[in-house]
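Notes to accompany the following structure.
The values are calculated or read from the model by the stated rules, or taken from the named source; none is laboratory data. Fair warning: this is a prediction, and the values are worked out from it, not measured in the lab. Cβ coordinates were reconstructed from backbone atoms using ideal geometry, including for glycine residues, and neighbour counts include every protein chain displayed. Quick note on the areas: whole protein, heavy atoms, side chains included, nothing else; ligands and nucleic acids left out. Shrake-Rupley method; radii C 1.70, N 1.55, O 1.52, S 1.80 Å.
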Amino acid sequence: MTPEDATRKMQFLFQLRQKGVTDTRVLKAMEAIDRGGFVQGHFAARAYEDMPLPIASGQTISQPSVVGLMTQALSVQPRDTVLEIGTGSGYQAAILGELARRVYTIDRFRTLTREAEARFAALGLTNITVLTGDGSFGLPDQGPFDRILVTAAAEDPPGPLLQQLKLGGVMVLPVGQSDAVQSLIKVTRRADGAGFDYDEIMPVRFVPLIDGLPRD
Ligand code: SAH
């Protein structure tokens, strides 16, 4: 690592802490996964700034502080199986892979899932499975999941995802209309099976969760 790289890394982590990412396991995971490897072309130079950036298929890689705060809210445990809806660049999934035993991530765009899969292979991240499909239905065959993270906004938490959450499990997702400010919420499935608890975390802005598959 050059001295410039070291300074950049320190600033990146400092920014995260300043925005409220204080969980040491999350910070360690975000230190281990280089965001620069998930952003292409001339935007790569801005990979260490706290801003969302465009990726292929008209989508975006989320802002690092939002990734950190979402991951922190999810409180992933080392033995957990995690489902992520909205692979995008694969950056969030790679961080989840550092914290969990196994990660399944799904996106509608084959272009994105192919690229993400190639990145995971190149980085030797072997506990992440990438799938192409409509994530609103979850992955009934692989579930139930300890943790579910949705990185695109739905109007309400999709029913199949609630059903695929283990008892005591946690789901974090943005909800609300796509053209307005949305709320990041945390849904906890009660351990005794008596329903769900909902907590609002913060206002966010995500691309919409879209039904069906594109023709790419
Ligand atoms: N987590 C990503 C950023 C996600 S952007 C990262 O770390 O880079 C939101 C993603 O959700 C987009 O790639 C979009 O294609 C995907 N998406 C939207 N609706 C979806 C659906 N129904 N099923 C699966 N993926 C969906």
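Relative contact order, percent, of the chain when contacts are C-alpha pairs under 8 Å separated by at least 6 residues?
Values: 435 pairs, mean separation 32.2, N = 216.
RCO, the chain: 15 percent.
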Exercise. Expressed as a whole percentage, what fraction of the accessible surface of the chain belongs to carbon and sulfur atoms when a 1.4 Å probe is rolled over the protein heavy atoms?
Worked result: 51
For this session: Could you sort 152-165, 76-89 so that the peptide with the highest average Cβ count within 10 Å comes first and the rest follow in order?
Result: 76-89, 152-165
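In what sequence, highest mean first, do 8-19, 63-74 appear when ranked by Cβ atoms within 10 angstrom?
On the way: 8-19: 14.6, 63-74: 22.3.
Peptide ranking by packing, descending: 63-74, 8-19.
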Exercise. Taking Rh as the Kirkwood radius computed over C-alpha pairs, what is the Stokes-Einstein D of the range 76-137 at 10 °C in a medium of viscosity 1.306 mPa s, expressed in µm² per second?
Worked result: 141
Exercise. With every protein chain left in place, what is the accessible area per residue of the chain in square angstrom, probe 1.4 Å?
Worked result: 48
For this session: Treating only the Cβ atoms of Lys and Arg (+1) and Asp and Glu (-1) as charged, compute the dipole magnitude of the chain about its Cα centre; round to the nearest 20 debye.
Result: 420
Exercise. Can you name the helices of the chain, as whole DSSP H runs, whose Cα span along the helix axis is 18 Å or more and whose Kyte-Doolittle mean is not below -0.5?
Worked result: 110-123
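Could you order Thr151, Thr7 so the one with the most accessible surface comes first? Probe is 1.4 Å.
Working: Thr151 20, Thr7 70 Å².
The most accessible residue leads, giving Thr7, Thr151.
Based on the Cα coordinates of the chain, what is the per residue volume of their convex hull in Å³?
In the chain, the Cα convex hull volume per residue is 118 Å³.
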For this session: Run through all the Cα pairs of the range 25-141 and give the fraction in each 10 Å bin from 0, expressed as whole percent.
Result: 14, 49, 33, 3
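Would you mind checking Lys166/Lys186; Lys19/Lys186; Lys9/Lys166 for any pair whose Cα atoms are more than 26 angstrom apart? Mind showing how you got there, number by number?
Values: Lys166/Lys186 14 Å; Lys19/Lys186 19 Å; Lys9/Lys166 36 Å.
With Cα atoms farther than 26 Å apart: Lys9/Lys166.
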Problem set entry | Phi to ³J(HN,Hα) by Karplus 6.51 cos²θ - 1.76 cosθ + 1.60 over the range 165-179, Hz, x for Gly, Pro | 8, 5, 4, x, x, 10, 10, 10, 7, x, 10, x, 5, 5, 8
Exercise. Expressed as a whole number of Å, what is the distance separating the alpha-carbon centroids of the range 58-73 and the range 164-178?
Worked result: 15
